[in-house]
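Each remark here refers to the structure printed beneath this line.
The values are calculated or read from the model by the stated rules, or taken from the named source; none is laboratory data. The structure displayed is predicted, hence computed values, not measured ones. Neighbour counts are summed over all protein chains in view; Cβ atoms, including those assigned to glycine, are modelled from backbone coordinates with ideal geometry. Accessible surface areas use protein heavy atoms only, side chains included; no ligands, DNA or RNA. Shrake-Rupley method; radii C 1.70, N 1.55, O 1.52, S 1.80 Å.
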Amino acid sequence: MEAEAAKAKFVAVKEKFGRDLRVFETSGASSSLTQVSNDDERDDFYEFTAADYYRLLATKKTDKYLKTKKIREAEVAAHRSRITKTTIRVRFPDNHTLEVAFHPSEKIQSLFDLLSRMVTQPEVPFILYTTPPKKQIKDMSQDFYSAGLIPGAIVYFSNDMPNREDNAAVNCGPFLHEEVMSLKGLDVMPEPVEPIQATPEPVTTAPPPPVPQDPKAAGKKPVKPKWLKM
């Protein structure tokens, strides 16, 4: 009965939001890091340094000059065609994580639109960012593949209030609607489907049709060649 009730909750939420969702509690270690990144650390803590630039440049320099543009484009297209799903985990300051899957070709705007329907305070503006380095997601027109959020990524949620005191007040949670939070701790595995094996029908091969014979040729006697001497 518990499994059926859990499955019913997943189905109800999916019908409303159009997505398969999971909600679970973030561990204390990761939540404390999130809190530090939200409140205590300045933005320059996550700045991209010159050392980071040269390290990345050294790893990409060989591929850049040894491969033609056509080869690189073909490799990107082949890699992109193999990825059919990206799993995004949105971490909230109240130590909860929302997991949702998208197609890599979907726009990032679809993630913002989904969250706007789920949060308890949709009137409060919010931002999403990745770390490290801390980088706010601003281009909503990008798809998940172009943004590098494949085959999965962790993004962080924060309400965007101009006043720091107001920001601290709204960031205490809860952030997700009660019906979404009801999925917390539930995990419904799909029921295994046994493969159906059809009974093979016996294959009957018809005998080849008889080769028609010329009646004149059948009545003729074999002729001895002139060169054959007995």
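Remarks
- K135 open to solvent by 60 Å² or more (accessible area, probe 1.4 Å), over 23 Å from R22 (Cα atoms) and not polar (S, T, N, Q): yes
- Residue that is nearest to the chain's Cα centre (by Cα), among those in the range 107-143 that are of a type in the set (F, W, Y) and in a strand (DSSP E or B): Y129
- Looking only at residues of the range 67-93 that are closer than 30 Å to E25 by Cα and out of contact with any strand residue (DSSP E or B) (no Cβ under 8 Å at 6 or more places or on another chain), we find that the one that is surrounded by the most Cβ atoms within 10 Å (Cβ to Cβ) is I83.
- Selection within the range 138-147 - touching a residue at least 60 places away in the same chain (Cβ under 8 Å) and open to solvent by 70 Å² or more (accessible area, probe 1.4 Å): none
- Odd one out for A169 among (1) in a helix (DSSP H, G or I); (2) open to solvent by 20 Å² or more (accessible area, probe 1.4 Å); (3) at pLDDT 95 or above: (3)
- Selected residue (criterion: modelled with the highest pLDDT) from residues of the range 10-29 that are assigned to a helix (DSSP H, G or I) and more than 23 Å from the chain's Cα centre (by Cα): G28
- Answer residue from the range 101-126, given it is among the polar types (S, T, N, Q) and closer than 23 Å to E178 by Cα and is least open to solvent (accessible area, probe 1.4 Å) among those: S110
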